[in-house]
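Have a look at the structure below, then the notes.
The values are calculated or read from the model by the stated rules, or taken from the named source; none is laboratory data. Please read all numbers here as calculations on a predicted model, not as lab measurements. Here the Cβ positions follow ideal geometry from the backbone for every residue, glycine too, while neighbour counts run over all protein chains shown. Just the protein is used for accessible areas: all its heavy atoms, side chains included, with ligands, DNA and RNA removed. Shrake-Rupley method; radii C 1.70, N 1.55, O 1.52, S 1.80 Å.
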Amino acid sequence: ARVLAVNTTGTMRVLRAAARAFRRQGTGGSVVVQASKNAFAPGAGFGAYSASKAAVLQLARIAALEFAELS
């Protein structure tokens, strides 16, 4: 459960803070999201980690779509 909170919720919080900063400064910006190969090729015994990294990848994709208007 902790790995899900750190990887998924942590990424969401950072992206939300970045969006606020980008809006405030009015010039957009960049965010680098660290996913993992496990998002594409999960290994046995790494269910929570792989699922959380897949969620991180999806959050990054959505952020790219939503942040586009801020640039």
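Quick notes
- For the chain, the C-alpha radius of gyration sits at 1.21 times the compact-globule guess of 2.2 N^0.38 Å, with N the residue count.
- Only DSSP H runs of four or more residues enter the estimate; each adds -39500 (n - 2.57), and after division by the residues of the chain the mean residue ellipticity at 222 nm equals -17500 deg cm²/dmol.
- Spin-label pair ARG24-ALA41: with each label point 7 Å from Cα along the Cα-Cβ axis, the two points sit 4.1 nm from one another.
- Acute angle (nearest 10 degrees) that the helix 47-67 long axis makes with the longest principal axis of the chain, alpha-carbon atoms: 20
- Within the accessible area of the chain, the carbon and sulfur atoms contribute 59%, probe 1.4 Å, all protein chains present.
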